[in-house]
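The values are calculated or read from the model by the stated rules, or taken from the named source; none is laboratory data. Quick caveat, the model's predicted, so the values are computed rather than measured. Glycine gets a Cβ as well: all are built from the backbone with ideal geometry, and neighbour counts include every protein chain shown. We work out accessible area using only protein heavy atoms, side chains counted, and drop any ligands, DNA or RNA first. Shrake-Rupley method; radii C 1.70, N 1.55, O 1.52, S 1.80 Å.
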Amino acid sequence: MLRQTYALTIRELKHWYRARIQIFMTLIQPILWLGLFGQAVAFPMPREMLQGAPDYISFMSVGMVAVVTLFTCMFSGMSIVWDRRLGFLNKLRVAPIPRGVIPTSRVLASVIRAMISGLMVLLIALVFVHIPGLKGLTVTSDFGAFELGSMLLIMFLLALGFAAIFVSIALTIKNQETLFGVVNLLNLPVMFASAALFPVDGMPGWLEAVAKVNPLTLAVDGIRQLMFEGATSIYDLGVDMLGLMLFAGMFVGLGIILARYSLKEK
């Protein structure tokens, strides 16, 4: 099973890095956000409101990592729709491989893509600091191996949960138009109803309640605690981690059930 999962995961990643325009489009959006919107908010804001970040661009840079993860995973099911349309999915269904290999490989490929994209956004935000006239991400001086490992774990759990959601959706629908509709319906509400781009303290009560249970909020809250000294968190780091584990575990389990139902021979 491991060999088949590896082979299908590599196939997905080859499709990704060979389509360089897709990588460019994935990265250009956060760069524009950081370069335009992030630079435009130049007025000082209290560090308590920014969860310990020294300025808004640092606060927003962490949020863009979660947003890029969300957007990358949203299209994780697109290859399943195309494979179904081109007949490749039927070939996999009759091949002597476990059915679970098909969704597992798509989820793993999406997680790898999302983590690489998120790290590239962080790198770009760090480079901005050294460009005259621009502001960028400023990280606490004691950011070390433990903080880096914890941050990667948070990114992994967030990507795993979102990839499982959208692969599960792709397994249950039959055409790409429906998948695009679902993606367009969910992307902006999930992004704005979170602490990724704006502090939750300034939101109306009902929206703040929604934002506090959004997995994007759990991810950025945890990463900000790791990156900024004296961060004022929404939850403790352990609560953020536990929430993301439950989020990922719940939707991975749902994906397994849906995969067994949708890929069984009829």
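For segment 181-197, does any single residue satisfy the condition of being free of Cβ contacts under 8 Å to residues at least 24 places away in the same chain, in a helix (DSSP H, G or I) and either of a type in the set (F, W, Y) or in contact with a Ser or Thr (Cβ under 6 Å, 6 or more places away or on another chain) (or both)? Within segment 181-197, one or more residues are free of Cβ contacts under 8 Å to residues at least 24 places away in the same chain, in a helix (DSSP H, G or I) and either of a type in the set (F, W, Y) or in contact with a Ser or Thr (Cβ under 6 Å, 6 or more places away or on another chain) (or both). For segment 198-216, what are the residues that are buried (at least 20 other Cβ atoms within 10 Å of the Cβ), within 18 Å of L246 (Cβ to Cβ) and out of contact with any Ser or Thr (no Cβ under 6 Å at 6 or more places or on another chain)? Listed by number, the list holds a single entry, P215.
Here K91 clears all of (1) among the charged types (D, E, K, R); (2) open to solvent by 50 Å² or more (accessible area, probe 1.4 Å); (3) touching a helix residue (DSSP H, G or I) at 6+ places or on another chain (Cβ under 8 Å) except the condition numbered (3).
Just one of A159, A195, A219 is surrounded by 14 or more Cβ atoms within 10 Å (Cβ to Cβ), closer than 30 Å to G87 by Cα and among the small types (G, A, S); which is it? Walk me through how you get there before you give the answer.
Values: A195 fails: closer than 30 Å to G87 by Cα; A219 fails: closer than 30 Å to G87 by Cα.
The conditions single out A159.
Could we say that L13 is more than 16 Å from L122 (Cα to Cα), open to solvent by 10 Å² or more (accessible area, probe 1.4 Å) and either not polar (S, T, N, Q) or not in a helix (DSSP H, G or I) (or both) here? Answer is yes for this residue. Residue count for segment 94-110, restricted to those that are out of contact with any helix residue (DSSP H, G or I) (no Cβ under 7 Å at 6 or more places or on another chain) and of a type in the set (A, V, I, L, M): 2. Condition check for P54 on (1) over 18 Å from the mean Cα position of the chain (by Cα); (2) more than 18 Å from Q4 (Cα to Cα); (3) at pLDDT below 80; (4) not hydrophobic (A, V, I, L, M, F, W, C): one failure, at (3). Number of residues in segment 219-266 that are among the β-branched types (V, I, T), in a loop (DSSP other than H, G, I, E, B) and in contact with a helix residue (DSSP H, G or I) (Cβ under 7 Å, 6 or more places away or on another chain) equals 1.
Listed by position, the helices (runs of 4 or more DSSP H) enclosed by segment 19-126 that each have at least 2 residues that are among the charged types (D, E, K, R) are 78-86, 88-94.
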